[in-house]
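All remarks here apply to the structure that follows.
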Ligand code: KDG
Ligand code: MG
């Protein structure tokens with residue numbers, strides 16, 4: 001089973017996705033997600049210029065060997081562009097292996113550990129009342145875990161806010177990044193009040209999550225975590241910039257609010273200290289950005305050895321192929337915690353034939369062989385790439401901060 005064709009497909013049905021299609025000598029095709037939000041074309045070029053010429057004629061069944069060939073062979077290791085490109089090849093090869101075996105990928109990973117994948121949805125609002133209504137809306141639709149974000153009074157823009165109750169939050173904007181102003185004081189005052197209202201009005205019979213999106217210092221994060229303890233969050237996500245791993249010693253020593261980190265990580269080395277020292281409760285690496293199924297499985301195994309559970313990134317900037325790849329891993333690992341699920345904007349369904357489905361707070365993978373997502377290439381061509389940038393953030397005095 002040799003690789004005889006490899007193609008990069010860039011499509012923008014509402015937002016940009018980069019996909020890799022591999023074809024084998026015996027007629028199997030495999031799809032991989034190579035989408036890196038805001039830097040899509042860098043991965044497309046890395047694949048086209050540096051990876052695809054190496055794949056011609058390779059044995060498609062040798063997934064781990066191909067992973068090592070691309071990782072070690074580049075000499076320049078890690079980094080989001082490299083690891084997203086390797087991931088796309090890895091996903092496509094797992095898709096092919098499943099199709100060749102006539103089995104869904106989770107069967108090849110050891111089989112089901114659970115009936116379905118528990119997901120959390122994204123509720124947001126223009127203020128506390130609207131956010132409470134948004135959480136209620138998700139509960140009404142069967143979700144048992146909801147992320148709550150709200151606009152902060154006094155700030156023009158706040159991370160994670162959709163345009164209305166239960167609207168999908170889509171942060172990418174135009175060709176030039178939108179600039180937002182951030183103030184930590186009002187945020188630290190507001191979030192505990194929002195969580196107090198959510199628990200007072202909706203009770204404790206579901207899990208609530210919150211994403212601080214890298215905005216705080218370690219001691220501010222510790223303060224927030226402590227002030228949220230009465231509301232028993234499932235997790236507080238990315239309280240500080242995630243690359244400073246020892247910062248989490250400070251946060252951890254002050255609060256028992258569970259911590260989730262890792263959507264921006266692309267290898268196990270990014271979270272070695274966080275996991276090894278048990279400084280976090282959930283690791284958020286995704287198949288798409290952290291080297292594919294082959295590497296994410298190793299991160300999640302390492303996490304399991306240290307009592308850390310998983311909570312893979314699943315924002316709408318991951319294509320349905322990447323979401324499916326995460327779901328197959330989620331199904332097959334012992335230390336699954338939760339899976340993020342934002343869904344996708346409507347035109348996405350015209351390009352992707354998605355095998356998984358949502359029901360009663362869970363996503364269910366299909367039993368189609370492989371990853372279970374097909375791509376309509378004619379439809380993909382009808383949505384050409386649109387330049388989009390994530391916003392950037394400044395403090396009131398004009399200095400740069402973290403978005
Ligand atoms: O591309 C960036 C988004 O995926 C990210 O901002 C979303 O933080 C995010 C989340 O938790 O989904
Ligand atoms: Mg996040």
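Take the alpha carbon gyration tensor of the range 3-103, find the square roots of its eigenvalues, order them as a ≥ b ≥ c, and report rounded if a/c is under 1.5; if not, report prolate when a/b exceeds b/c, else oblate. Don't skip to the answer; put the middle values down first.
On the way: a/c = 1.85, a/b = 1.23, b/c = 1.51.
In terms of gyration-tensor shape, oblate.
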Q | Inter-probe distance in nm under a simple model that places probes 7 Å from Cα toward Cβ, at residue 7 and residue 64 | A | 3.3
**Q.** Folded to 0 to 90 degrees: helix 80-101 orientation relative to the chain principal axis, Cα
**A.** 60
Q.
Considering the Cα positions of the chain, please state its Rg to one decimal place and its Dmax as a whole number of Å.
A. 20.5, 61
Q. Does anyone have the angle between helix 128-140 and the longest principal axis of the chain? Alpha-carbon axes, 0 to 90°, nearest 10?
A. 50
Q | Mean Cβ count within 10 Å, highest first, over the residues of peptides 256-265, 181-190 | A | 256-265, 181-190
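Counting only C-alpha contacts under 8 Å and six or more residues apart, can you give the relative contact order of the range 1-90 as a whole percent?
Details: 140 pairs, mean separation 29.0, N = 90.
The value is 32 percent.
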Q: Highest first, please rank the peptides 221-232, 384-395 by the mean number of other Cβ atoms sitting within 10 Å of their residues.
A: 221-232, 384-395
Q: For the chain, calculate the relative contact order in percent as a whole number, restricting contacts to Cα pairs under 8 Å that are 6 or more residues apart.
A: 23
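Given 37 °C and 0.692 mPa s, how large is the Stokes-Einstein diffusion coefficient of the range 150-223 in µm²/s, with Rh as the Kirkwood radius over Cα pairs?
Details: Rh = 14.3 Å.
This corresponds to a translational diffusion coefficient of 230 µm²/s.
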Q) Hey, could you pull the Cα Rg and Dmax for the range 166-279, both in Å? A) 15.2, 43
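Using 0.36 nm times the number of residues separating residue 25 and residue 77, minus their current alpha carbon distance, what extension gain do you get? List each step's numbers first, then the result.
Working: separation 52, 0.36 × 52 = 18.72 nm, distance 3.02 nm.
Full-extension gain reported as 15.7 nm.
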Q: Taking only Cα atoms and a 10 Å spring cutoff, compute GNM fluctuations for the chain and point out the largest among 153, 80, 104.
A: 153
Q.
Is the C-alpha gyration tensor of the range 361-403 telling us rounded, prolate or oblate? Criteria: a/c under 1.5 is rounded; beyond that, a/b larger than b/c is prolate, otherwise oblate.
A. oblate
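For the ranges 341-350, 127-136, 304-313, what's the packing order if you count other beta-carbon atoms within 10 Å of each residue, average per peptide, and put the highest first?
Values: 341-350: 17.2, 127-136: 19.1, 304-313: 20.8.
In descending order of packing, they fall as 304-313, 127-136, 341-350.
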Q. Where the centre of each part is set by its Cα atoms, how far does the range 194-266 sit from the range 308-372, in angstrom?
A. 24
Q | Global geometry of the range 245-403, whether rounded, prolate or oblate, following the gyration tensor of its Cα atoms and the 1.5 cut on a/c | A | oblate
Q. Between the helical axis of 320-332 and the dominant principal axis of the chain, each derived from Cα atoms, what acute angle in degrees is found, rounded to the nearest 10?
A. 80
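FYI, it's all coordinate maths here, none of it is from the lab. Please read all numbers here as calculations on a predicted model, not as lab measurements. Cβ atoms come from the backbone with ideal geometry, glycine included; neighbour counts cover every protein chain shown.
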